[in-house]
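Step one of this worksheet: look at the structure below.
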Amino acid sequence: MSNKLNWSRKMTVLTLVIFAALYLLIIFFWGLFMNPGEYAVNYDNKLLMPSIGHLFGTDAMGRDMFKRCIKGLSNSIVIGLLASLFSSVVALIFGIASAVWGGVVDRFVKLAVDLCMGLPHLVLLILISYMLGKGTLGVTASVALTHWPGLTRIVRQEVLHLKSSQYVLASQKMGHSPVYIAVHHMIPHVLPAYLIGLVLLFPHAIMHEASVTFLGFGLPKEMPAIGVILSESMNYITTGKWWMAVFPGVMLLIAVILFDVIGETMKKLWNPNSGNE
Amino acid sequence: MKRRFLSIMLAVMLASSLAACGNSGSDANSKSNKSASEDVAKDSSDSQKADSKNDDSDESINIYIGNGVFDSSMDPVKGFMSYGYPFVNEALIQADVNSNYVADLATDWSVSDDALKYTFNLKKDVKFSDGSDFTAEDVVFTYNKVKENQANNENADLSRLSKVEALDDYTVEFTLDKPYSPFIDIVAQLQIVPSDAYDEQKFETAPIGTGAYKVAQYDANQQIILTINENYWGETPDIEQVNIISMSQDTAYSNACSGQMDVVMVTSTYINEEIEGMKLHKLETMDVRNISLPTLTKQKKSDSKGKEYEVGNDVTSDLAVRKAISIGINRQEIINAAFNGEGVPAVNFTDNLPWASTDDYEDNQVDEAKKILEEAGWKDSDGDGIREKGDLKCAFEVIAPGNDEDRYKLATAFAENVKELGVEVKVRNESWDVAVEEENTTPIVWGWGQYSPTVLYSLFDSEMFLEAQYANVSGLTSKECDEAIEKAFNATNLDDAYAAWKEAQKISDAQYPYLYLVNIEHSYFINENLDISEDTQIPHPHGHGTPIICNLKDWVLN
C-alpha cells in the first residue's frame, strides 16, 4: 500500500517536472528562433481583443501580443540563465574559498556578502543597471552581479560542516592541498545543494529583470520583454484593454512558478531530510 | 501550491477590476460612478450638479493639464510660463487668437524709426493681488531683475537691452544697443512682478501678479489652488476656484471616468474613448514634431571652446536621402497610425505664426522619391528591400527621447512608412541625457512651437552648431541662411523681420535638415457644463497640454 502511494507521488512529481521543463524549453527555443516579422508592427490590427488569430490580442501598434510575450519571456530566460550561471559560479568559488581558507578570505567574502545584502535588492539592481547605461548589458550585469550572496552563504555553511568530517581531516593529514580537497571532496558534496540553488535563482533573476525593465531601467522599449509590455499596458488598462496586462502577467507568473516547482522538487528528491530542517 | 494558486487568482481579479473603467459597459460604470462622485470633496461635486447653475458662489473646477506647471518655479523672473499662457502674472502685451500682439498691461506702444526705442503706455488703475498699484516702476524693476539674473531665465534674452526707464508713472521706455526685432516677443513673454513685494523665495510658489487669479495654496507635486484676484482690473471671472492637480495621466483619466475632473488633458491613446458628462475637444496648436536629419558626414568637429564632438551621419548627410524621405512619406497615414488621426500633416512651421514659411510641398510622392534615390546611387541590389550604395545600407536610427509615448509611436509609424522607399529606420527610446549626447549624429524626434522666431536662429544658424543643447543639431552651415537671420534680427519693423525669417527658412528648407511630420493637436476631455471659450483660445504653444489655461478667466461653468 505504502509502496503504491510512494510510486504515485513520484510519478506526479516526475510529470510535473517534465511538464515544467517542457513548457520552459518550448518558450525558450520558440522565442530564440522567432522571426521578428511575427511580432512586427501592423497598423491594421490595432488593439484587437484576444481571438483565434491573436490569442492574446494586439497592442496599439497592432503587434501580436502572444508572439511578443513568447519572445519576451524567451529573452527573460536567456538573461535569467546567464545571471544564474554567473551568480552560481561566483557563489561556489566564494563559498568554498571562504570556508576552506578561512581567515582573511573568509572575512572578505562575508563582508562582500553583507555589502550586497545590506542594500535593498531592487535599489542595487537599478544602481548597477543605470551605471552601465541601462539596456541589455545593464540589466544582465545587474541581475548577474546581485544574486550570488544567498547561495554563497549556503555553500559556505555546507563546506564548513564538511571541513570537520573524518575523510576531509584524513585527506589533510595525507598532505593534500586545499585546492585538491576542495575539488575532490567538497564540490561533489555541495553539488546537490548548489544545483538546487541554481534552479531556485532562476525565478528571482527573471522577476528582477522584469521589474527593473518595468521601472524603465532595463531592456529598451523596442525589445520585446515582459517588463516593457507590462509598463506599456499601464497606459491602456484604464481604458479597458485588459488583455495587454493580464496575459503577459500570467505568462510571467507561470514561468516563475514552474521554475520554483522544479527547484523545490529537486530539493525534495536530492535532499529528503530537508523536511526536518 | 494552494497559496500560489490563490495568488494567481488574485492577480487576475485585480487586473480585470482595474480594467473596469473602460469604454465597454459604460452604462454599468456610470451608475457606480455617480455614487462615487457623491463622496468626492464638496467643491468638485458642486460643479457636477445641475442645480448649481444659478448659484455662482463656491464654484470650483478640478483640472489636469499635465505636470509641467509643477516642474518649475512659478517666478516670472525665472521664466515661468514664458511661452505665453500665464495665469497669475501678466505681461505688457499678449498674443491674440491670430498670433498678433495686442495690449495687456499696456494700452499702446510705439517703436522709433531706428528700432532702438520701444515706448509703452501703461494701463492705469491696475492693482496687484496684494493691493499695491501697478506702475512703470514695476516694469523697470522686472526687466532689470531679469537682466541681472539672466542665467536664471533663458527664455527672455535681454542681452541687447541697454536700459529701461520710467518716463512717468505710466510710460516706460526701452532702449536697445542695436535693433533686435524679437524684442517684442520678449515683451509678450516676460510678466511683470511688483517691485515692492517681490521676494525670490516666496515667488517660487506664490507669485503676486495682476492677473485674474492668484495662488491660494501650493502643494508641491500635488495641487495648485487658484482663487480669484479681487483686485483684478478686468471683468471678474466666473469660476471662483481652480484646482490644478498633479497626477499621472491614467489616474487623471480614471478620475474623469468617476466624474471628479472637469478638464483632463489626454494623449491620442485616449481620444477614441467616451466619458459620460464629458466631451472631447481637440485644440489647435503651433506645436510641430520633426526629426532632425544630420547634414554632415561622419567626422569630428570642435566647438568654440575646443571640445571635440563626434558629428554627422553618413546616410542622412546625402541630400537625396533627406529630400526623398521628406517628399516620399505619407504624413496622413503616419498620423492615423500613430495618433489615431489626431493632428495635421506639416512640412514646415505652422501657418498660425506670422513668421513661419508657408511654402508647402506635396508628400506621398513615392515614385518621385524612389527616382531621386536611384539617381543618387541608392539601389537595392541584394533584394532585401533595403537600398544600399556600395557597402553602405540606406538605414539609420531615430531616437524617440524621454518618457513621451507619443514620440515613440510617431517614430515607429514613420519607420513603417519609410520602408516603402527602401529605407530602414530603427527606433530607439532613450532618456534625454542619452539623446542629447547623440544629438549631432542620430536623428531625434523634436517638438517645437513658440511665438518667438528666435527658434529659427537656434535651429538653422551655423554659429549655434555645437554651442548649445538642442541647437542646430543637423549641422546646417549656410552663409546665406546666417545672413538672412542676421537681417531678421536687425530689421527695424516687424514686416521686414518676418520677410527675412521666411527667407531664412526658404534657404534652409532647400537642404531638408529637419523632417517635419505633424502639427499636433491637444486633446482634452472637458465637462459638458464647462465652457472653455474656444474662441479666445490662442493656438497652443509647445507645452504638453498646459496651454489650455491661456484664457482661464474666460471660462464659464454653467
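Per-structure values
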read-out: Hey, B:Glu333 within 14 Å of chain A (Cβ to nearest Cβ), touching a residue at least 12 places away in the same chain (Cβ under 8 Å), touching a strand residue (DSSP E or B) at 6+ places or on another chain (Cβ under 6 Å) and not aliphatic (A, V, I, L, M) or not; value: no
read-out: Residue in segment B:406-421 that is away from chain A (no Cβ under 14 Å) and not aromatic (Phe, Trp, Tyr) present; value: yes
read-out: Any hit, segment B:309-331, residues being in contact with a helix residue (DSSP H, G or I) (Cβ under 8 Å, 6 or more places away or on another chain), under 30 Å from B:Leu280 (Cα atoms) and crowded, with 17+ Cβ neighbours inside 10 Å; value: yes
read-out: Segment A:200-237, residues that are touching a residue at least 24 places away in the same chain (Cβ under 8 Å) and charged (D, E, K, R); value: A:Glu209, A:Glu232
read-out: Verdict on A:Met131 being within 19 Å of A:Glu232 (Cβ to Cβ) and within 14 Å of chain B (Cβ to nearest Cβ); value: no
read-out: Residues of segment A:36-64 satisfying the condition of being of a type outside the set (Gly, Ala, Ser), within 14 Å of chain B (Cβ to nearest Cβ) and under 24 Å from A:Gly135 (Cβ atoms); value: A:Pro36, A:Tyr39, A:Val41, A:Asp59, A:Met61, A:Arg63
read-out: When residues of segment B:237-251 are limited to those that are farther than 24 Å from B:Gly84 by Cβ and within 13 Å of another protein chain (Cβ to nearest Cβ), the one surrounded by the most Cβ atoms within 10 Å (Cβ to Cβ); value: B:Asp250
read-out: Where A:Leu215 falls short, out of the listed (1) surrounded by fewer than 18 Cβ atoms within 10 Å (Cβ to Cβ); (2) within 14 Å of another protein chain (Cβ to nearest Cβ); (3) at pLDDT below 85; value: (3)
read-out: All positions within segment B:158-186 that are surrounded by fewer than 19 Cβ atoms within 10 Å (Cβ to Cβ) and among the acidic types (Asp, Glu); value: B:Glu165, B:Asp168, B:Asp169, B:Glu173, B:Asp177
read-out: Residue identified as surrounded by 15 or more Cβ atoms within 10 Å (Cβ to Cβ), more than 14 Å from chain A (Cβ to nearest Cβ), within 18 Å of B:Ala320 (Cβ to Cβ) and not hydroxyl-bearing (Ser, Thr, Tyr) among B:Ala376, B:Ala356; value: B:Ala376
read-out: Boolean, A:Ile226 is modelled with pLDDT of 85 or more, within 14 Å of another protein chain (Cβ to nearest Cβ), under 25 Å from A:Thr12 (Cβ atoms) and out of contact with any His (no Cβ under 8 Å at 6 or more places or on another chain); value: no
read-out: Flag if B:Leu456 is away from every other protein chain (no Cβ under 14 Å) and within 20 Å of the chain's Cα centre (by Cα); value: yes
read-out: Single residue of A:Leu151, A:Leu81, A:Leu73, A:Leu137 found to be hydrophobic (A, V, I, L, M, F, W, C) and either touching a Ser or Thr at 6+ places or on another chain (Cβ under 7 Å) or more than 30 Å from A:Tyr39 (Cβ to Cβ) (or both); value: A:Leu151
read-out: Residue in segment B:529-558 that is surrounded by the fewest Cβ atoms within 10 Å (Cβ to Cβ), counting only those that are in a helix (DSSP H, G or I) and acidic (Asp, Glu); value: B:Asp535
read-out: Residues satisfying the stated conditions in segment B:485-500, i.e. more than 16 Å from B:Pro354 (Cβ to Cβ) and either in the same structural domain as B:Leu176 (by the TED database) or surrounded by fewer than 17 Cβ atoms within 10 Å (Cβ to Cβ) (or both); value: B:Glu486, B:Asn490, B:Thr492
read-out: Residues located in segment A:36-46, provided they are more than 21 Å from A:Leu73 (Cα to Cα) and not acidic (Asp, Glu); value: A:Asn42, A:Tyr43, A:Asn45, A:Lys46
read-out: Some residue of segment A:237-250 being within 13 Å of chain B (Cβ to nearest Cβ) and within 23 Å of A:Trp148 (Cβ to Cβ); value: no
read-out: Given (1) surrounded by fewer than 23 Cβ atoms within 10 Å (Cβ to Cβ); (2) closer than 28 Å to A:Phe259 by Cα; (3) touching a strand residue (DSSP E or B) at 6+ places or on another chain (Cβ under 7 Å), number of the condition A:Met65 does not satisfy; value: (1)
read-out: Residues that are farther than 21 Å from B:Ile548 by Cβ and outside any loop (DSSP other than H, G, I, E, B), drawn from segment B:102-112; value: B:Ala103, B:Ala106, B:Thr107, B:Asp108, B:Trp109, B:Ser110, B:Val111
read-out: Residue in segment B:174-192 that is at pLDDT 90 or above, under 16 Å from B:Trp233 (Cβ atoms) and part of a loop (DSSP other than H, G, I, E, B) present; value: yes
read-out: Scan of segment B:398-428 for residues that are under 20 Å from B:Gln469 (Cα atoms) and at pLDDT 90 or above, ordered by number; value: B:Val398, B:Ile399, B:Ala400, B:Pro401, B:Arg407, B:Arg428
read-out: Residue within segment A:29-51 that is closer than 16 Å to A:Ile226 by Cα and either touching a Gly at 6+ places or on another chain (Cβ under 6 Å) or among the polar types (S, T, N, Q) (or both) present; value: no
read-out: Count of segment B:368-412 residues which are in a helix (DSSP H, G or I) and either of a type in the set (A, V, I, L, M, F, W, C) or more than 21 Å from B:Trp448 (Cβ to Cβ) (or both); value: 10
read-out: Wholly within segment B:244-322, strands (runs of 3 or more DSSP E) carrying at least 3 residues that are closer than 30 Å to B:Ser452 by Cα and in contact with a strand residue (DSSP E or B) (Cβ under 6 Å, 6 or more places away or on another chain); value: B:263-266, B:278-292
read-out: Any chance A:Gly31 is assigned to a helix (DSSP H, G or I) and in contact with a Leu (Cβ under 7 Å, 6 or more places away or on another chain); value: yes
read-out: Meets criteria (surrounded by 22 or more Cβ atoms within 10 Å (Cβ to Cβ), closer than 30 Å to A:Pro178 by Cα and either within 14 Å of another protein chain (Cβ to nearest Cβ) or of a type in the set (S, T, N, Q) (or both)) for A:Ser98; value: yes
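The values are calculated or read from the model by the stated rules, or taken from the named source; none is laboratory data. No experiment lies behind these values; they were computed from the predicted model shown. Here Cβ is always computed from backbone atoms with ideal geometry, including for glycine, and neighbour counts include all displayed protein chains.
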